[in-house]
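Reviewing the structure listed below.
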Amino acid sequence: MKTYSCVLLLSVLYGLFSCTNQTSSSSKTPLTLKEAYKDKFLIGTALNTDHTNGSEKSTSLLIEEQFNTIVAENCMKPEEVHPSENIYDFRKADQFVEYGEKHNMFIVGHTLIWHSQVPDWFFENEDGTTCSRERLIERMREHIYTVVGRYKGRIHAWDVVNEAIDDLEGLRKSKWYQIIGEDYIELAFQFAHEADPNAELYYNDYSLILSHRREEAVKLIKKLQEKEIKVDGIGMQAHYGLDYVKIPDFERSITEFSALNIKVMLTELDISVLPFPTEKISAEISQKYEMLPEYNPYTDTLPDSIQQQLAQNYVDLFKVLLKYEDKVSRITFWGVNDEHSWRNDWPIEGRTDHPLLFDRNNQPKEAYYSIIELGEAANNTKKQVL
Ligand code: XIL
């Protein structure tokens with residue numbers, strides 16, 4: 001009983017403190033993320049099955065309160081929906097789409113054509129030899145028609161091609177590229193458009209703030225546009241780390257991409273607070289490093305100084321996003337809370353990372369309050385100008 005009253009008192013005090021921290025006008029209810037950025041961006045998160053099947057109730061409530069767009073973290077990738085040539089498994093994907101519809105969310109399908117999380121059978125003949133270009137194109141067409149066609153008019157947008165750019169130069173020499181040639185990209189967009197003419201179609205990739213990757217992405221989009229292939233947007237994944245982003249580079253990517261007259265989005269935002277074990281910064285999921293104790297410094301709590309640094313990193317990004325609010329359409333975080341973030345296991349397995357806005361108990365972190373405050377301030381400035 002005593003402990004309970006103490007906890008109660010502490011939470012009341014914390015509530016008072018955080019309220020004065022969050023808003024200038026203390027009487028009004030603090031806005032949620034989607035409310036604070038309502039007239040500017042869609043605000044989203046990646047979902048896994050626990051969020052949509054009701055087994056993580058409190059997280060689902062948080063999702064419904066804070067976000068107005070969702071993307072499938074894994075359940076629509078080819079290895080999940082199309083494990084072998086004659087088997088499709090849409091159980092989790094259906095649940096994901098039903099969840100988004102129930103809560104009136106903008107639903108993004110992720111992803112149709114990618115070099116990772118795709119089963120080998122796509123690229124092979126029955127005897128294990130590499131299949132022909134014609135056969136792979138036909139499999140690609142069939143896959144895209146079936147998956148996109150199933151959710152026609154229900155999934156609003158697709159990450160059609162993911163990570164087609166190489167880390168060193170040019171396009172990635174994936175199996176798609178090697179077997180079909182570089183026109184696999186336009187074919188994928190063409191098939192997706194045929195399968196659902198009204199869905200928005202995106203190109204998605206990581207590290208698009210690096211100059212060679214930015215240039216390559218611009219080339220890729222221009223090429224599609226020259227061929228009059230429908231492409232509606234570019235997704236900058238945005239898997240970052242503390243102080244990793246050079247703001248002028250970030251800004252330059254946004255301006256160059258939006259100059260192509262397509263939507264610009266941050267599609268997989270997270271900021272790891274842990275040391276990155278290599279200079280080679282990317283988000284290539286096959287990149288794996290050995291766990292050493294110095295790579296896992298915050299297994300219990302995150303020190304205040306790092307909370308603040310994380311908040312400042314988010315604010316720095318959001319300031320740029322607000323500056324280009326007419327060009328940026330959506331900001332999606334890659335996960336809801338720190339517990340289920342993929343950054344706990346990438347690029348080193350089994351660490352305790354803290355990259356998102358909500359902690360392991362779904363409590364908002366300083367980064368959350370800072371972003372809300374920034375959004376509110378931007379809304380107020382706008383009102384005054386009007
Ligand atoms: C990640 C998922 O979050 C993990 O659960 C999975 O094990 C590997 O893939 N870029 C992408 C995402 O486009 O699909 C990846 O998602 C993270 C990097």
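Quick rundown of the values:
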| read-out | value |
| --- | --- |
| For segment 31-385, accessible area per residue (1.4 Å probe, heavy atoms of protein chains only), Å² | 42 |
| Two-site FRET efficiency, Asp50 against Glu349, from Cβ-Cβ distance with R₀ of 25 Å, rounded to 0.05 | 0.80 |
| Net charge contributed by nearby residues that have their C-beta within less than 14 Å of Gln363 (K/R +1, D/E -1) | -3 |
| Reachable lysines, given that their alpha-carbon falls under 21 Å from the alpha-carbon of Lys323 and they are not under 8 places away in the same chain | Lys34, Lys38, Lys40, Lys246, Lys263, Lys382, Lys383 |
| Cβ-based net charge around Asp159, under 15 Å, with every Lys or Arg adding one and every Asp or Glu removing one | -4 |
| The chain: angle of helix 304-323 to the longest principal axis, Cα-based, in degrees nearest 10 | 60 |
| Table column - 3J(HN,Hα) (Hz), segment 263-273, Karplus curve with 6.51, -1.76, 1.60, x for Gly and Pro | 6, 10, 9, 9, 10, 9, 5, 7, 10, 5, 9 |
| Phi-based couplings in Hz for segment 358-363 (Karplus 6.51, -1.76, 1.60; Gly and Pro marked x) | 10, 7, 5, 9, 6, 8 |
| Relative contact order for the chain, counting Cα pairs under 8 Å that sit 6 or more residues apart, in percent | 16 |
| Net charge dipole size for the chain [Lys, Arg +1 and Asp, Glu -1 on Cβ; Debye, nearest 20] | 1220 |
| Net lengthening on full extension, Glu226/Asp243 (0.36 nm per residue, minus Cα-Cα) | 2.4 nm |
| Calculated FRET value between Asn125 and Asn86, using beta carbons and R₀ = 25 Å, to 0.05 | 0.95 |
| Helix-only mean residue ellipticity at 222 nm for the chain, each DSSP H run of n ≥ 4 adding -39500 (n - 2.57), per residue, nearest 500 | -13000 deg cm²/dmol |
| Gyration tensor (alpha-carbon) shape descriptor, segment 232-386, a/c threshold 1.5 | oblate |
| Nearest-ten-degree value, helix 184-195 long axis tilted from longest Cα axis of the chain | 80 |
| Rounded if a/c under 1.5, otherwise prolate or oblate - segment 117-234, Cα gyration tensor axes | oblate |
| Relative contact order (percent, whole number), segment 166-261, Cα cutoff 8 Å, 6+ residue spacing | 31 |
| Helix 91-102 vs. the chain, principal-axis angle (Cα, 0 to 90°, nearest 10) | 50 |
| Segment 115-122 - phi-based ³J(HN,Hα) in whole Hz, Karplus 6.51/-1.76/1.60, Gly and Pro as x | 7, 9, 6, 10, x, 4, 4, 3 |
| Residue with peak Gaussian network fluctuation, the chain [Cα springs, cutoff 10 Å], from Glu64, Glu251, Glu126 | Glu126 |
| FRET efficiency for Ser286 and Leu171, using Cβ-Cβ distance with R0 set to 22 Å, rounded to 0.05 | 0.80 |
| Carbon + sulfur, % of accessible area of the chain - ligands and nucleic acids excluded, 1.4 Å | 51 |
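The values are calculated or read from the model by the stated rules, or taken from the named source; none is laboratory data. Computed from a predicted model, the values in this text were never measured in an experiment. Neighbour counts run over all protein chains shown; Cβ positions are idealised from the backbone, glycine included. With ligands, DNA and RNA removed, areas are computed over all heavy atoms of the protein, side chains included. Shrake-Rupley method; radii C 1.70, N 1.55, O 1.52, S 1.80 Å.
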